[in-house]
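Novice: Right, I'll just put the structure down here and ask away after.
Each value in this text was obtained by applying a stated rule to the coordinates, not by laboratory testing. This is a predicted model, so every value here is computed, not measured.
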Amino acid sequence: MRTVQIDDELFERAEAKAASEGRTLTSLVEEALQECVERGEQHRERIVLPVHRGGRMIADLDLSNNAAVRDFLDEADRDDHALS
């Protein structure tokens, strides 16, 4: 048997939920803890993000500056048209 400190409001809500489901508070808490522990043990599948390998690096472009982004895109359009 263990003792834990639980916020009074959370405890009351958990008691009410257990009662409404016709079960004990212990079974509700055990189930919630089991789900929490199992979820933490699951290994997430690695996500592979696409990588753009073409073009050029844009080290000095401030993406928070709308005017700078617009100027860059306009310049890129002019470059594309010049190559056509």
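Novice: Please turn the phi angles of the range 45-51 into ³J(HN,Hα) values with the Karplus equation 6.51 cos²θ - 1.76 cosθ + 1.60 (θ = phi - 60°), one per residue in order, whole Hz, x for glycine and proline.
Specialist: After applying 6.51 cos²θ - 1.76 cosθ + 1.60, I find 6, 5, 9, 9, 8, x, 10 Hz.
Novice: Please list, in order along the range 62-70, the HN-Hα scalar couplings obtained from phi with the Karplus expression 6.51 cos²θ - 1.76 cosθ + 1.60 (θ = phi - 60°), rounded to whole Hz, x for Gly and Pro.
Specialist: 8, 5, 8, 9, 4, 5, 5, 5, 4
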